[in-house]
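So the structure is just underneath, and the comments pick up after that.
Derivation of every value follows stated rules applied to the coordinates shown; laboratory data play no part. Everything quoted here is computed from the prediction, not taken from an experiment. Note that each Cβ is placed from the backbone with ideal geometry, even for glycine, and that neighbours are counted across all protein chains shown.
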Amino acid sequence: MRTALDPPQVQYEVKALGPSDLATMRGLLALFGDAFADPATYTAKQPTDEYLFSLLASPTFIAIVALDESVVAGGLAGYVLPKFEQPRSEIYIYDLAVEAGHRRRGIATRLIEKLQAVAADLGAWVIFVQADCGDEPAIALYSKLGIREEVLHFDIEPLQGGA
C-alpha cells in the first residue's frame, strides 16, 4: 500500500546512447554537473557536436541513461578497456549519477544492469567501478552488485611539454 511519503511511480526508459543522441548526452553532462556539484567540468566547456558524435560512435565509450519522458533522470558513462594479457576487455564505470528527485527508485541498479547486458554483448570480462570513501550510498550499491576490493588510487600528472 502506497503512502503519501512514497515517491511517485515513474516508468523509466533505460537505454544506451548512440551517435544520434547528442541532446540526451548533453542532458547527461548537465546531470553530472549538478549531481557532482561541478558544472565547470561538465557544462562550462562542453565538446562540439562533432566530438560527441564521434565519442558516442566509439567502440570504447558507453553512455547509458534513464529517461523520465525525455528528461535524463540518471546515467552512467563508462569506458571499454581492451586488455593486453589476454584477448578480452574490461569496462570501467567512470561516472554514475541519479538526479536528486529520482533517487531511491532503483535507477542506479537498472543502469548497471543495462551495462551488464551491454558488457555481455561486447564479450567483456568484468565491469569495475571506484567509490569514494564515505560515499555510503555508492558503496552500498556496488557492494550489492559486486565484490569489494580495497585499493589505492593515485592521480599522476602528465609531463609538461610531453615527450
Per-residue HN-Hα couplings for the stretch 69-84 [Karplus 6.51, -1.76, 1.60; θ = phi - 60°; Hz; x = Gly/Pro]: 6, 10, 8, 6, 8, x, x, 9, 10, x, 10, 8, 10, x, 9, 9
Distant-in-sequence amide H partners of GLU99 (H built 1.01 Å from N, under 5 Å): GLY74
Relative packing of 20-31, 43-54, 109-120, 65-76, which averages over residues the other C-beta atoms within 10 Å, highest first: 65-76, 20-31, 109-120, 43-54
Enclosed volume per residue, in Å³, of the convex hull spanned by Cα atoms of the stretch 13-145: 121
Extension reserve of the ARG103-VAL71 stretch, reckoned as 0.36 nm per residue once the Cα distance is removed: 10.1 nm
Charge dipole magnitude, Cβ of K and R +1, D and E -1 - the stretch 13-145, Cα centre, debye nearest 20: 260
Approximate spin-label separation ALA37-THR60, in nm, with each point projected 7 Å along Cα-to-Cβ: 3.3
Extended-chain gain in nm, criterion 0.36 nm per residue less alpha-carbon gap, GLU150 and GLN116: 10.0 nm
Partner aspartates and glutamates for LYS114 [C-alpha distance under 12 Å; skip if fewer than 8 residues away on the same chain]: GLU13
